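Please read the structure below before turning to the comments.
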Amino acid sequence: MVEVTDYITVSDETLDDDSKGELIKLAGKLRDRRNELNQLAAERASNRDELNGKTREKVDEAQNHRERRDELNTLVQAHKEQRNKLNEKANELFDKVEELKSDLELDEGDDLESLNEDIKQLEFKQQTSVLSSEDERELIDKIEDKREEYRQRKQKLEDTGEIDEYLERAEQVRNEASKHHDKVTTLADEAQQHHNEMISAYRAADDIRDDADDMHELFVEAQEAADHHHEEFVRVQKRLREMDKEEEAERRAERDEEREKAREEAEEIYQKFKEGETLDTEDLMKLQKTGLL
């Protein structure tokens, strides 16, 4: 396992005092360490990018739920408006029914069954009771009044056809309003579900984003360590190039010194040649090398 905290730092003394062989080994160690850390940084960057991709997926998912929720809420509002309009119309129709009933006084007095029962009781009393002429007359008048009331009420009930029409229409409108209300409930529940899933997706995105941020910090840590070792590697390489130049300069100086010695020796031989001395083959070759012959 690569430990990011295991830094290799090269001191100026090491660069100045270590041999070329030791610095070559150190450069190799720094290069390998840099490559390991670059690989680790690349892996962490890949993990970070993968997490960022998952974050975007969750955000997109949340956005899709948001859009669907908003669409459903728009439908909810539309059905609410229809429901409210229909309920308002139904209330108007029911008010009309009550108005007609009030005009016919259907809510006042006894119903037909009660009136019929009262008439029967009065007739039974008339037939079974011994009454004075005055009491009997009074009883007969009551019976007639009840019969008249029964007749009038029956007539009113027979005239309620318009009320029934309004009532039927009001019920139909109220049923339509109820259907829209059911739609409101169903769509609102679905909208709430998408809202909850949107919140869940956003929270998941936040959690993954936190992981991605943590991984980015680890990437930066590894990359900075890799950069450090690369800089140290470059320092050692620079010192090795300086050593190469120094060695080359030394070799060039040695070659120049050797050429100078050979030239001086050749001039001495050439001087002997001019003075008439006999030269051997080695002396002739030295003169040829220096261009004096």
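When you look at LYS80, is it charged (D, E, K, R), farther than 30 Å from LEU240 by Cα and crowded, with 17+ Cβ neighbours inside 10 Å, yes or no?
No, not satisfied.
Looking only at region 226-244, count how many residues are farther than 20 Å from THR14 by Cα and at pLDDT below 95.
Adding up the residues that qualify gives 0.
Need pairs with beta-carbon distance below 7 Å; first residue outside any helix (DSSP H, G or I) and within region 273-285, second modelled with pLDDT of 70 or more and not aromatic (Phe, Trp, Tyr); sequence gap 6+ or separate chains.
LEU279/ILE269
For the subset of region 47-97 comprising residues that are within 21 Å of the chain's Cα centre (by Cα) and either outside any helix (DSSP H, G or I) or of a type in the set (Asp, Glu) (or both), which member is farthest from MET198 (Cα to Cα)?
Filtering first and then ranking leaves ASP49.
Just wondering, is there one or more residues in region 217-224 that are under 19 Å from GLN39 (Cα atoms), within 27 Å of the chain's Cα centre (by Cα) and not hydrophobic (A, V, I, L, M, F, W, C)?
Yes; the residues of region 217-224 include at least one that is under 19 Å from GLN39 (Cα atoms), within 27 Å of the chain's Cα centre (by Cα) and not hydrophobic (A, V, I, L, M, F, W, C).
So the check is Cβ under 9 Å with 6+ separation or different chains; which pairs have a first residue in region 198-223 that's farther than 27 Å from ASN64 by Cβ and a second one that's modelled with pLDDT under 95?
LEU218/VAL4; GLU221/VAL4; GLU221/THR5; ALA222/VAL2; ALA222/VAL4
Taking ALA42 as meeting all but one of (1) under 30 Å from LYS238 (Cβ atoms); (2) of a type in the set (A, V, I, L, M); (3) part of a helix (DSSP H, G or I); (4) in contact (Cβ under 8 Å) with a residue 24 or more places away in the chain, write down the number of the exception.
(4)
Any residue at all in region 6-17 that is in contact with a helix residue (DSSP H, G or I) (Cβ under 7 Å, 6 or more places away or on another chain), charged (D, E, K, R) and in a helix (DSSP H, G or I)?
The first filter runs over region 6-17 and keeps only residues in contact with a helix residue (DSSP H, G or I) (Cβ under 7 Å, 6 or more places away or on another chain), leaving 7-10, 15.
Those left that are additionally charged (D, E, K, R): none.
Checked region 6-17: no residue is in contact with a helix residue (DSSP H, G or I) (Cβ under 7 Å, 6 or more places away or on another chain), charged (D, E, K, R) and in a helix (DSSP H, G or I).
Of a type in the set (D, E, K, R) and either within 48 Å of the chain's Cα centre (by Cα) or more than 27 Å from LYS29 (Cα to Cα) (or both): is that true of GLU264 in this structure?
Taking the combined requirement at face value, the residue satisfies it.
From the list LEU26, LEU30, LEU15, LEU40, pick out the single residue that is at negative phi, at pLDDT below 95 and surrounded by 14 or more Cβ atoms within 10 Å (Cβ to Cβ). Before the answer, list the steps.
Numbers: LEU26 fails: at pLDDT below 95; LEU30 fails: at pLDDT below 95; LEU40 fails: at pLDDT below 95.
One residue alone meets the criteria, LEU15.
Could you check, for region 181-190, whether at least one of its residues is within 30 Å of PHE94 (Cβ to Cβ) and modelled with pLDDT under 75?
No, region 181-190 has no match at all.
Can you pull out the residues in region 6-34 that are farther than 21 Å from ASP244 by Cβ and free of Cβ contacts under 8 Å to residues at least 60 places away in the same chain?
Answer for region 6-34, where residues must be farther than 21 Å from ASP244 by Cβ and free of Cβ contacts under 8 Å to residues at least 60 places away in the same chain: ASP6, SER11, ASP32.
The values are calculated or read from the model by the stated rules, or taken from the named source; none is laboratory data. Given the structure is predicted, the values throughout are model-derived calculations rather than measurements. Here the Cβ is made from the backbone with ideal geometry for all residues, glycine too, and neighbour counts use every protein chain on show.
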